[in-house]
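Values in this text are rule-based calculations from the coordinates and carry no lab data. For clarity, every value in this text was computed on a predicted model and none was experimentally measured. Here Cβ is always computed from backbone atoms with ideal geometry, including for glycine, and neighbour counts include all displayed protein chains.
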């Protein structure tokens with residue numbers, strides 16, 4: 001009996017030591033499966049997110065995140081930060097750093113985290129802040145264990161599960177748990193789960209997902225967005241709270257009703273003086289679209305965009321009379337103000353939620369708080385118009401690539417409606433270039449150049465009309481024609497026709513030493529002003545589909561004047577390519593003994609193609625680049 005007691009005592013004495021020694025072993029870099037380090041800048045050893053829905057207006061979110069950083073590029077995957085505001089209280093925040101062998105290096109408590117405003121320079125007011133860890137490593141690899149807990153009274157945004165967070169990041173284990181002790185009805189949407197090792201242990205009232213041993217994914221260009229390639233889970237409560245405003249949303253119609261009645265209704269009041277002003281602006285104008293153009297121009301001349309994100313400001317528009325008083329607002333405030341003015345003018349319009357910038361749809365089949373921007377919808381007998389109310393310079397009814405071609409949510413008094421914004425595709429995105437190019441005997445050239453741009457090509461140009469002279473010169477020399485050394489531009493003239501949505505550039509150009517002049521020959525490149533210089537990256541084993549996000553068409557016509565004392569003996573052969581990706585053609589025409597015409601057309605077609613087509617696409621682009629660098633030779637008489 002005495003011997004047994006002694007053995008138990010020895011085990012008890014050794015137990016804490018054994019437990020402590022296990023931590024370094026578990027965190028050791030050497031224990032990471034070798035295949036997880038391939039193509040990886042970091043490895044997520046564990047990311048466990050536990051969300052507990054305590055009530056319709058109370059969430060508790062706990063996270064434990066262990067990341068081994070393999071090299072300096074892996075630092076971006078640590079993600080040791082936490083946002084907070086008036087609704088979110090951080091109750092726990094800590095981090096511990098370990099070396100490659102799992103030995104503790106440094107511990108950070110909540111007060112050691114940097115605490116800054118989570119706004120950019122364009123935000124005037126915001127109560128959003130962020131605490132983040134700034135750790136400077138002395139060696140690689142190293143591991144950070146990050147733990148946090150927060151309580152949030154807004155339940156409108158249940159954190160999504162994105163188990164594979166980025167390219168070049170391997171996942172050893174990622175866990176998502178949603179506890180729902182009150183059995184509050186919720187909806188979920190799983191996307192792209194099929195090809196990944198995801199274990200689902202969920203029940204009707206709670207969720208439990210685990211992804212294990214996911215190798216790093218290498219980034220490939222010209223493909224689907226990362227969210228479309230990888231698994232993700234969205235969760236939404238049927239009844240929720242947003243900044244203490246409660247709502248219900250089983251479908252988009254119900255969501256729209258909630259948003260209209262709770263966040264928008266009653267915020268369109270204007271002063272009597274402003275009402276009188278609006279009526280005078282549209283006096284004697286009967287066409288509602290013409291009225292809308294007048295009001296839009298007035299808003300652009302009067303207001304400017306500033307982001308405001310206080311309390312429910314991220315979702316509720318500033319009252320129209322307040323915007324009218326201060327002459328600024330965010331996207332919601334300016335949209336609401338424009339709508340209020342249109343209401344006075346008798347033009348029907350609706351607030352519209354959209355994902356701006358990166359092309360993404362409001363999910364038609366999953367109702368939740370979505371979108372990052374607001375625009376204005378004007379019904380127009382089946383040909384709806386859309387207004388971007390934050391820009392002082394964009395043409396009326398033109399969205400460009402910021403919000404075009406995507407599903408949006410239109411908020412009406414009768415509820416939410418999914419609509420689609422107009423698309424600018426293929427030939428809509430047109431660029432027409434014409435030039436008369438005088439080849440000088442010393443190898444220099446003088447040229448008069450004109451370029452007209454439409455669609456998204458207009459988007460890429462019209463803003464330069466607001467550049468300073470110095471900025472313009474730099475734009476043409478280092479951005480537009482960086483491949484032309486010794487280029488100088490003069491007599492720049494722009495015409496921005498907002499009715500046609502056409503941007504015209506006229507300029508005179510000089511390029512010194514453009515041609516190579518020898519004793520009896522004069523060698524020069526034919527495509528002076530619109531060369532395709534980039535060739536898509538080569539992949540030995542392409543993994544993802546080929547995506548051409550936007551189509552466009554370029555048409556170029558250059559007339560060359562041959563210098564005195566030279567002749568063009570033979571014109572280059574005509575080139576013509578037609579395939580599923582687009583077209584390319586070159587044509588040469590002799591005008592007379594002193595001049596000839598170069599005509600080029602290049603178009604790409606928007607589309608999604610199998611990964612096997614990428615090689616052919618790259619070959620097409622490589623051939624275009626080759627022909628765009630085509631040279632010809634003049635012979636001295």
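Taking segment 403-445 and a reference point 7 angstrom along Cα→Cβ of residue 564, the backbone N atoms nearer than 19 Å belong to 437-445. The sum of -39500 (n - 2.57) across all DSSP H runs of n ≥ 4, divided by the residue count of the chain, sets its helix-only mean residue ellipticity at 222 nm to -5500 deg cm²/dmol.
The separation of segment 45-103 from segment 204-228, counted between C-alpha centres, amounts to 19 Å. For semi-axes √(5λ) of the Cα gyration tensor in Å, the value calculated from this model appears in (1) 52, 26, 25; (2) 53, 38, 22; (3) 40, 32, 23 under label (2).
The ranking of 161, 315 from fewest to most other beta carbons within 10 Å of each one's beta carbon is 315, 161. What is segment 25-242 by shape, rounded, prolate or oblate, if you read a ≥ b ≥ c off the alpha carbon gyration tensor as root eigenvalues and call it rounded for a/c under 1.5, prolate for a/b larger than b/c, and oblate otherwise? Because a/c hits 1.5 or more and a/b fails to exceed b/c, segment 25-242 counts as oblate.
Annotation: the residues 362, 375, sorted from fewest to most other C-beta atoms within 10 Å of their own C-beta, follow the order 362, 375.
Taking Cα centroids, how far is segment 234-308 from segment 580-621 in Å? Going from one Cα centre to the other spans 46 Å. Each of 389, 331 was scored by other Cβ atoms within 10 Å of its Cβ. Listed from fewest to most, they are 331, 389. Can you compute the FRET efficiency between residue 486 and residue 589 using 1/(1 + (r/R0)^6), with r the Cβ-Cβ distance and R0 = 30 Å? Round to the nearest 0.05. Computed FRET efficiency for residue 486 and residue 589: 0.55. Subtracting the Cα-Cα distance of residue 499 and residue 571 from their residue separation scaled by 0.36 nm leaves 21.8 nm.
Shown is the FRET efficiency for residue 250 and residue 90, computed with R0 = 45 Å from the Cβ-Cβ distance and rounded to the nearest 0.05: 0.90. Shape analysis of segment 426-636 places it in the oblate category; the axes a ≥ b ≥ c from the Cα gyration tensor give an a/c of at least 1.5, with a/b not above b/c. In segment 471-577, Rg over Rh equals 1.03, where Rg is the alpha-carbon radius of gyration and Rh the Kirkwood radius from pairwise Cα distances. Calculate how steeply helix 272-281 sits against the longest principal axis of the alpha-carbon atoms of the chain, using the helix alpha-carbon long axis, and give the answer as 0 to 90 degrees to the nearest 10. Taking the Cα atoms of the chain, the angle to 272-281 is about 30 degrees.
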